[in-house]
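To start, the structure itself, in structure tokens.
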């Protein structure tokens, strides 16, 4: 497809559908070089904008005037917007909660959210998005199953003037975002989340012994960064060895993780000290395999920090989890998308990167009950 750059900053009327007029392609500052991962954390702190969430939306009257915000009448007199959402796979509790959150806040903000399940299959997700790019959308929010898989339909949406926001993982490498048609990336710091969870595991095992590293999907930019975070901490502990020599990619599949985990347990004749998982789902699927084995005291830490994982921390099944704030990510993407549409914002007004905070949660961090409340599907906040 060719890109029409002639009307790069032409606004769309509030509440109107995007037309075939090009909406915006020129990039803004903050490019980070040829890379398929986010900038290092020292650079990324400058982009931290977690406060750009639902509180701002409600305070602004969901894109209405201050008077309407005060009376709560703003959304009722506006034509609803229409947004296409897709995340990696609804068989994941993380992704399922993201869908619930987008639909919850879409109802509050006057956005009709249409969902297209990625099914943890890049080809299936691509086919679904290909089939809807000619429909009328005010904006789209995508979590790509694999980097670059959605690049062609996103380029087409750019030509039609439809803003695209990526969530959690990169649709394309950072330095290709704006030219492809991705206005913004809303993401946690995957490296930091992995570092926090791994460091807690290392502390609990005394910095020595053998550990297991179960990864998500190797083509997933967030999983790549979680691997990087784990390995950065591992280098600080020369007395720790990884069973099998490195990460075992299990594609976010619970059964695949369980099979790989059990195989490693059976091969080891001495107790394994710990294990780090890229998701709570995979960790919780594997923990039952420890019962009545020499590995029953293994320290398990993970990433996601949503309801099931938090309950597992509370009951001692998981030693720690780091919050990957699925509600905040989906809510922020939706909130900003409706601001772009209703305020007729240009791509130059929108930050390229919004990083959401992701704290470590253990029995001792003091934030467990708060996180359980905020992650409740009825609230959809964290």
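What follows draws every value from the coordinates through simple rules; no lab data is involved. Not measured: the values here are computed from a predicted model. Virtual Cβ from ideal backbone geometry, glycine too; neighbours counted across all protein chains shown.
In terms of the mean number of neighbouring beta-carbon atoms within 10 Å, the peptides 145-151, 291-297 order highest first as 145-151, 291-297.
Quick one: length gained pulling residue 344 to residue 365 fully straight, 0.36 nm per residue minus the C-alpha distance?
Numbers: separation 21, 0.36 × 21 = 7.56 nm, distance 4.24 nm.
3.3 nm is the gain from fully extending residue 344 to residue 365.
Under the rule a/c < 1.5 gives rounded, and otherwise a/b versus b/c splits prolate from oblate, where does the range 191-323 land using the Cα gyration tensor? The shape class here is rounded.
The modelled label-to-label distance for the pair residue 294/residue 378, using points 7 Å beyond Cα in the direction of Cβ, is 4.8 nm. Counted by neighbouring Cβ atoms within 10 Å, the residues 280, 251 run from fewest to most as 251, 280. Exposure proxy for 373, 156: other Cβ atoms within 10 Å of each Cβ, ordered fewest to most, give 373, 156.
When the chain is fully extended, how far beyond the present Cα-Cα distance does residue 100 get from residue 262, taking 0.36 nm per residue of separation? Each step should come with its number before you reach the end.
On the way: separation 162, 0.36 × 162 = 58.32 nm, distance 3.29 nm.
55.0 nm is the gain from fully extending residue 100 to residue 262.
Round to the nearest 0.05 the FRET efficiency obtained for residue 232 and residue 179 when R0 = 45 Å and r is the Cβ-Cβ distance. With R0 = 45 Å, the Cβ-Cβ based efficiency is 0.90. Gyration tensor analysis over the Cα atoms of the range 143-235 returns equivalent ellipsoid semi-axes of 34, 11, 8 Å (largest first, whole Å).
By other beta-carbon atoms within 10 Å, ranking 249, 105 with the fewest at the front produces 249, 105.
Could you tell me the calculated FRET efficiency between residue 91 and residue 112, based on Cβ-Cβ distance and R0 = 25 angstrom, to the nearest 0.05? After rounding to 0.05, the efficiency reads 0.55.
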